[in-house]
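The values are calculated or read from the model by the stated rules, or taken from the named source; none is laboratory data. None of the values given here were measured: they were computed from a predicted structure. With ideal geometry, Cβ positions are generated from the backbone for all residues, glycine too; neighbour counts draw on all protein chains shown. Just so you know, the surface numbers come from the protein's heavy atoms only, side chains and all, with ligands and any DNA or RNA stripped out. Shrake-Rupley method; radii C 1.70, N 1.55, O 1.52, S 1.80 Å.
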Amino acid sequence: MSQTTRVIRPSSWWKEVVVYQVYPRSFNDSNGDGIGDLNGITAKLDYLKRLGIDVVWLSPHFDSPNADNGYDIRDYRQVMAEFGTMADFDRMLEAMKARGIELIIDLVVNHTSDEHAWFAASRRSRDNPHRDYYIWRDGKPDGTPPNNYPSFFGGSAWKLDPITGQFYLHYFDAKQPDLNWENSQVRSDVFDLMRFWLDKGVAGFRMDVIPLISKQPSLADLTPDQLAHPEFVYANGPHVHEYLQRMHREVLAPYHAMSVGEAFGVTLEQAPLFTDPRRGELNMIFHFDIVRLDRENWRKTDWTLPALKAAYTRIDEAAGLRGWTTSYLCNHDNPRAVSHFGDDSPAWRERSAKALATLMLTQRATPFLYQGDELGMTNYPFQSVQDYDDVEIRGQWRQLVETGLVPAAEYLGHVCQTSRDNARTPMQWSQEVNAGFTTGQPWLAVNPNYLEINAAAQLEDPDSVFHHYRRLIALRRQKPALVHGAYLDIDPKHEQIFAYTRSLADERYLVIVNFGARPLGYALPGSLRIERAVLDNTSGDTATAGATQLRSAPWQATIYKLD
Ligand code: NOJ
Ligand code: CA
């Protein structure tokens, strides 16, 4: 380990940063093969620096056959050939460090690819030394799988492997067999590969579906209720905290590494078990309570502002005084923030994208911004199932539509709003062909709205969504109250106004976001009085000093300093 990695970072540096997620396949293609790559990222670091972010989270960059775009890893110590070489990785990391940007990488260790050498060995025979790296069971006497566990990508979570006549467990695709964390050899191999990347100078990890690593010892059938949300069973294995505490002690703590767990299947009540620093597990987790507020699996449901506000309050409470959490509205698994929670019609797209930025960057949490959201990129106009690439859509299509369980039109009507591919279309850099993402054929279609929505145009326009993000990030850096200050929703029931304060000692800010296209008057609750507007997303019609009432324009979002 380099000594600098040990000493440079203060112990809670990760609370004060703004993270930017790069989905490498869709970020920037440097060699015209239609697939984003590491040199493409390196070429855009000045853009990220301009935005002002501190940390990049890189979605998986490891060698992979890409059944699930890199979330199926064949070799944890190699770079995916389409993305470049290890030398490209080292150069990218060095170029980040030169700009004061840290890198966290994706740790995908609930499962590997079925093409990983461990699995190739494991499946070879029942007494192979690697057999126990995965979870093998006999089927039932009638030849059906060991239990009724469903895979998140459709069908059973078990696959019969003819070589040995046993089934292996895969919570995701059959090409993503689950590792057996009860095997201490698995744990030490994972810890070693983490050290391999930390020694290169990465600053930490985003941990893919990390609560799922400890399996239920009984592997009992799920009840009908549990079948609706298997993640709550899969996530509550008996050893998950023991494994994470070991990981923290043996790997993360010595490097002061940043850790953020994808808390799939974790309730808000359980959050402190992962993030209370006294327990020594993770720094923070991603909750699903906001991005899945209006979801029932692949179905889109309705959401209301009071419900959204309640989720924010519960997340803040779950972090508690000691713990910490994340703030995010999109990632590579969700629809675009502005299409999801804003209004992506031409009239309000920019304003509402900025309003969401204000919301996201003024939480008591580390913000995770997803590539393209800083431009207000929108969902893609999907028409038919052929427009999708995602393994999840293909699996569900086979399970639901091809079997006649769900009519095609109904399924497509929902997934065009909920599909992960909405966020995976290429980054829109310019008005050039393919939005400047590639000179070749992009692996996934570019959103046709790139002529209006692109980075080049927004960099030139001081009122753009990009510059609003840039100003918010800079403001957050200057005002500790916006990072650490107590969060209080001052009007939880209002159906259109989201109003909350952030207070640290005698410094107090009020954030007011109008979640709608209707202008309205708003009287501040209690005895709150405005001192001045600090940052606003309109042309500046904000309340003046001493005001206790204000007018809120459509999708207006203002940060006020309070008296
Ligand atoms: C969560 C990741 O974010 C998602 O993209 C992936 O498909 C699953 N975990 C499986 O690794
Ligand atoms: Ca490429």
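For the chain, the longest principal axis of the alpha carbon atoms and the long axis of helix 184-200 meet at an angle near 50°. With labels modelled as points extended 7 Å from the Cα through the Cβ direction, what inter-label distance (nm, one decimal) is found for Ala307 paired with Arg278? Going by the 7 Å Cα→Cβ label model, 3.6 nm. Dipole of the chain computed with +1 at Lys/Arg Cβ and -1 at Asp/Glu Cβ about the Cα centre; of Thr501, Asn128, Gly395, farthest Cα towards the positive end is Thr501. For the chain, the longest principal axis of the Cα atoms and the long axis of helix 465-478 meet at an angle of about 90 degrees. Surface analysis of the chain yields an accessible area of 37 Å² per residue, using protein heavy atoms and a 1.4 Å probe. Projecting the Cα positions of Val513, Val209, Ala81 onto the charge dipole of the chain (unit charges on Cβ atoms of Lys, Arg, Asp and Glu, taken about the Cα centre) puts Val513 furthest along the positive direction.
For a modelled paramagnetic label at Asp192, 7 Å from Cα along Cα-to-Cβ, the residues of the range 79-109 in reach, with backbone nitrogen under 18 Å, are 79, 108-109. Heavy-atom surface analysis with a 1.4 Å probe gives the range 39-82 a carbon and sulfur content of 39 percent of its accessible area. Within the straight-line cut-off of under 18 Å between alpha carbons, the lysines reachable from Lys175 are Lys159, sequence neighbours fewer than 8 places apart in one chain being disregarded.
The packing ranking of peptides 421-427, 114-120, highest mean first, is 421-427, 114-120, where packing means the average number of other beta carbon atoms within 10 angstrom of each residue.
What does the convex hull of the Cα atoms come to per residue for the chain, in Å³? Don't jump to the answer; show the numbers that get you there.
On the way: hull volume 82.8 nm³, N = 563.
Enclosed volume per residue, from the Cα hull, is 147 Å³.
Of all DSSP beta bridges located in the chain, what percent are antiparallel, nearest 5?
On the way: 39 of 63 bridges.
Taking every DSSP beta bridge within the chain, about 60 percent pair in antiparallel fashion.
Centroid-to-centroid, using Cα positions, the range 326-342 and the range 490-518 are 20 Å apart. In this simple spin-label model, placing a label point 7 Å from the Cα along the Cα-to-Cβ direction at both Leu520 and Asn183 gives a separation of 5.8 nm.
Using R0 = 35 Å, the C-beta based FRET efficiency linking Lys493 and Ala228 works out to 0.75. For the chain, the longest principal axis of the C-alpha atoms and the axis of helix 349-361 are separated by about 80°. Only lysines eight or more places from Lys479 in sequence, or on another chain, were considered; those with a Cα closer than 20 Å are Lys15, Lys49, Lys354, Lys561. Of the solvent-accessible surface of the range 132-206, computed with a 1.4 Å probe and all protein chains present, 50% belongs to carbon and sulfur.
In straight-distance terms, cross-link reach from Lys97 covers every one of the aspartates and glutamates whose alpha-carbon lies under 15 Å from its own, apart from those fewer than eight places away in the same chain; here that gives Asp46, Asp54, Asp88, Asp199.
Want the number for Ala445 to Asp221: 0.36 nm per residue separation, take away the alpha-carbon distance, what's left? List each step's numbers first, then the result.
On the way: separation 224, 0.36 × 224 = 80.64 nm, distance 4.08 nm.
76.6 nm is the gain from fully extending Ala445 to Asp221.
Given R₀ = 41 Å, what would the calculated FRET efficiency be for Ala409 paired with Arg551, taking r from the Cβ atoms and rounding to 0.05?
Details: r = 43 Å, r/R0 = 1.05.
According to the calculation, E is roughly 0.45.
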